[in-house]
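> Following this message is one structure expressed as structure tokens.
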Amino acid sequence: MIEILGKRDLPTDGVEDYCTCLSHALARQGIGLKQVRVRWMEDGWLRGVAGLWRDAADWRGHWALLQYTALGWSRRGFPFGALAALAVLRRRGVRCAVVFHERSRQGKPSRWFGRMRGACQDWITRRLYRGAEKAIFVDPLKNIPWLPKDDAKSAFIPIGANVPERPPQTVEFPERNGAARKVAVFCVGGMPYLEEELCDISNAARVAAQSGANLRITFLGRGTREAQGEIERAFQGIPVEVSNLGLLDADNVSDVLAQSDAMLCVRGRLYPSRGSAIAGIACGLPILGYAGEAEGTPLEEAGLMLVPYRDAEALGAALARVLADPKLAWDLRSKSSEAQRKYFCWDRIALGFVSALGTDQL
């Protein structure tokens, strides 16, 4: 099989990490998976599409997995290039499956330009769906209202973590001896959402600290180093330790998460394709976040403590409870570990692709 990627995201590329992990898992099933990137950002669209046309000359009858995000195929969120790539592949006789990393339009349509861009993205998503032989979604199909009833071409396959999984820690960390409990925040969003996110995290930390919890909030991952100043301002006057590790390699990320007591994941309501939460589950963490989209999905079986959206008081109280109750914390860790094994491990995900595309076709 061939994975088709658009523009590389910087400084980290979650879609590329997804493809690499999937490739390794499929290799364990005896299936080769090659990555091909359409270099439209570097070479322009004409050369980029021409390069794909040349590459696809020997792919007739093979499966290609076109990885779709709006900004992977457009500078400003008008991803017509994804349609061009799909047309080239079909013209070459390639069997096409589109992997939808986004189920709908991105961003808040607060202005006419945002509404126009969102409408364009919705139209392109549906056109990609109609043009593909198979459609793979990283969100449950029941959460995608525009899919037709009795849809036979679509499959839901959860994403996995882009960091190595770790077994859950024991109930207590004996070396702590009263030291601060570690709460991880893995990745933060950019403006204009960063201020809202940090406000929720700092307010939850204040509530937990007022209940007697001794906290250390550890920021790591994408966006955290750039947000250093905003993080410092958000935590002024709050009696908690704060550290900012910035970008780390995947192994170090797993080490930090596995040694933490909980994760705060508050960039909107917690939904099934939130990569930071999946990383926490892979490392056996209790995850604290906002309810509203995880219910009825595989995420619900993980070790979640969900509260109403933007309710910092409830979030802080839930955090304090998890940190103060070793049995509750262990129960949540065990649930995350079991959900990882059942839904989010890469070998399980690879088997999902084998089933969706047909074992006799690979």
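> What is the sum of charges around GLN35, taking Lys and Arg as +1, Asp and Glu as -1, for the other residues whose C-beta is under 13 Å from the C-beta of GLN35?
Its environment carries a net charge of -1.
> Something else: Grab the DSSP H runs of the chain that are 4 residues or longer, score each as -39,500 (n - 2.57), total them, divide by all residues and round the 222 nm result to the nearest 500 deg cm²/dmol.
-12000 deg cm²/dmol
> On average over all directions, what projected area in square nanometres does region 151-266 have, based on the convex hull of its Cα atoms?
10.0
> Shape call for region 1-51 from the C-alpha gyration tensor, a ≥ b ≥ c root eigenvalues: rounded (a/c under 1.5), prolate (a/b greater than b/c) or oblate?
Since a/c reaches 1.5 but b/c is at least a/b, the shape of region 1-51 is classed as oblate.
> So who's got an amide H within less than 5 Å of the one on GLU3, skipping anything under 5 residues away but keeping other chains? H placed 1.01 Å off N, in plane.
LYS34, GLN35, VAL36, LEU65
> To the nearest 20 Debye, how big is the dipole of region 189-310 about its Cα centre, given +1 on the beta carbon of each Lys and Arg and -1 on that of each Asp and Glu?
200
> Enter the per residue convex hull volume of region 6-88, computed from alpha-carbon coordinates, in Å³ rounded to the nearest integer.
With only Cα atoms used, region 6-88 gives 90 Å³ per residue.
> Could you tell me which of rounded, prolate or oblate describes region 181-344, using a ≥ b ≥ c as the square roots of the eigenvalues of the alpha-carbon gyration tensor, with rounded for a/c under 1.5 and, failing that, prolate when a/b is larger than b/c and oblate otherwise?
Judged from the Cα gyration tensor, region 181-344 comes out rounded (a/c under 1.5).
> How much length would be gained if the chain were fully extended between SER243 and LEU141, taking 0.36 nm per residue of separation minus their Cα-Cα distance, in nm to one decimal?
Additional length available on full extension: 32.8 nm.
> Also: Under a point-charge model restricted to the Cβ atoms of Lys and Arg (+1) and Asp and Glu (-1), what is the dipole moment magnitude of the chain relative to its Cα centre, in debye to the nearest 20?
Here the chain has a charge dipole of around 1480 debye.
> Give the order of SER276, SER355 when sorted by the count of other beta carbons within 10 angstrom, beginning with the fewest.
Going from least to most buried by this count: SER355, SER276.
> Now, a different point. Within a 10 angstrom radius of the beta carbon, how do VAL188, VAL38 rank from fewest other beta carbons to most?
Ascending number of Cβ neighbours within 10 Å: VAL188, VAL38.
> Can you give me the long-range amide H partners of SER154? Hydrogens built in the peptide plane at 1.01 Å from N, cutoff under 5 Å, separation of 5 or more residues or another chain.
ALA135
> Something else about it: Residue farthest toward the positive end of the dipole of the chain, with Cβ of Lys/Arg at +1 and Asp/Glu at -1: which of ALA161, VAL15, ALA204?
VAL15
> Taking H as built 1.01 Å from N, whose amide H comes closer than 5 Å to the amide H of PHE219, not counting residues under 5 places away?
Answer set, sorted by chain and number: VAL185, SER243, ASN244, LEU245.
> Arranged by the count of other C-beta atoms within 10 angstrom, fewest first, what order do TYR193, TYR343 take?
Result, fewest neighbours first: TYR193, TYR343.
> Based solely on C-alpha atoms, express the radius of gyration and the Dmax of the chain in angstrom.
My reading of the Cα-based Rg and Dmax gives 21.2, 65 Å.
> Can I get the semi-axes of region 42-83's equivalent ellipsoid? Compute them from the C-alpha gyration tensor as square roots of 5 times the eigenvalues, in angstrom, largest first.
Semi-axes (√(5λ), whole Å): 21, 14, 6.
We did not get these values from a lab; they are worked out from the coordinates using the rules stated. As the structure is a computational prediction, the values presented were derived from the model and not from experiment. Positions of Cβ are generated from backbone atoms using ideal geometry, with glycine treated the same way; all protein chains shown enter the neighbour counts.
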